[in-house]
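Shown next, in structure tokens, is the structure this report addresses.
The values are calculated or read from the model by the stated rules, or taken from the named source; none is laboratory data. These numbers were taken from a predicted model, which means no experiment stands behind them. Glycine also receives a Cβ, built like all others from the backbone with ideal geometry; neighbour counts cover every protein chain displayed.
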């Protein structure tokens, strides 16, 4: 496996997208992101890592999701939460038109010594679904594994990329072996810069490899303007369209410490404008299937 371009060059290219983003797309103003998905058949999703929100604050959580047009939640699978809490939340969410995908993942799950944690997650989801009524089941499973934050990424990148590829392949194979769950994962927006074996004696991009195996891809396009996001995801959308795979585009609301990458200090109105501008710009793209907001707690605390 060879990197087509250095990580520094990747950062430069993304930075250029951010600078270009200062020239804004025409945006709808004063509307919630609900308008970007409602009536269009598009996904409006959020990540929910704090599972206690469905236990201690279920009703207001469901109300907030409904009021903002969310129709898909990536909900952390936490075995400390009673199963009946999940059952109740998923059942009531479903009655409001909200699908729930089980969410989990850590960077080191790609390492051979930690693969057991990945399979424990998969088996937990399957066991839960098998013990629950159809209205109380997860309809999908969602993996968030970001091995590029590991120290080994800097010292042995090819090996970690190989582990990552094997992890995703194993994940999909195990889930699909005896379930009909939608299999999804979070991906960054720069994997096209890495060439990997395609299994047919040639090479392909790491993006194409991942897209080819997953049912659904959620891109972590953490940029604070629509123009920059569209620039950053263009290659991924092209490859996804060629494979007939849907792409959800994620925006961030957390204080992540990186400039121009979050709506943490810009507020709800700017985020809503950006999401609607993004939806308008990509409405005719065959791979664009909606947006996702990272993540529920920080989004809910955003100012205007």
Could you tell me which numbered condition residue 190 fails, if it satisfies all but one of (1) in contact with a strand residue (DSSP E or B) (Cβ under 9 Å, 6 or more places away or on another chain); (2) crowded, with 19+ Cβ neighbours inside 10 Å; (3) over 22 Å from residue 74 (Cα atoms)? (1)
For the stretch 241-257, give me each residue that is modelled with pLDDT of 95 or more, assigned to a loop (DSSP other than H, G, I, E, B) and out of contact with any strand residue (DSSP E or B) (no Cβ under 9 Å at 6 or more places or on another chain). 244, 255
For the stretch 71-115, give me each residue that is surrounded by 18 or more Cβ atoms within 10 Å (Cβ to Cβ), over 14 Å from residue 51 (Cβ atoms) and without any contact (Cβ under 8 Å) to a residue 40 or more places away in the chain. 71, 98
Selection within the stretch 154-165 - free of Cβ contacts under 8 Å to residues at least 40 places away in the same chain and not in a loop (DSSP other than H, G, I, E, B): 154, 155, 159
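Give the residue, chosen from 172, 196, 189, that is touching a helix residue (DSSP H, G or I) at 6+ places or on another chain (Cβ under 6 Å) and in a loop (DSSP other than H, G, I, E, B). So that I can check it myself, show each step before the final result.
Values: 172 fails: in a loop (DSSP other than H, G, I, E, B); 196 fails: in a loop (DSSP other than H, G, I, E, B).
Going through 172, 196, 189 in turn, the sole match is 189.
Rundown of residues vs (1) surrounded by 21 or more Cβ atoms within 10 Å (Cβ to Cβ); (2) modelled with pLDDT under 95; (3) within 23 Å of the chain's Cα centre (by Cα); (4) within 26 Å of residue 232 (Cβ to Cβ), yes/no style:
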| position | (1), (2), (3), (4) |
| --- | --- |
| 154 | no, no, no, yes |
| 161 | yes, no, yes, yes |
| 170 | no, no, yes, no |
| 173 | no, no, yes, no |
| 178 | no, no, no, no |
| 185 | yes, no, yes, yes |
| 199 | no, yes, no, no |
| 203 | no, no, no, yes |
Residue list for the stretch 233-245, filter: closer than 17 Å to residue 293 by Cα and in contact with a helix residue (DSSP H, G or I) (Cβ under 7 Å, 6 or more places away or on another chain): none
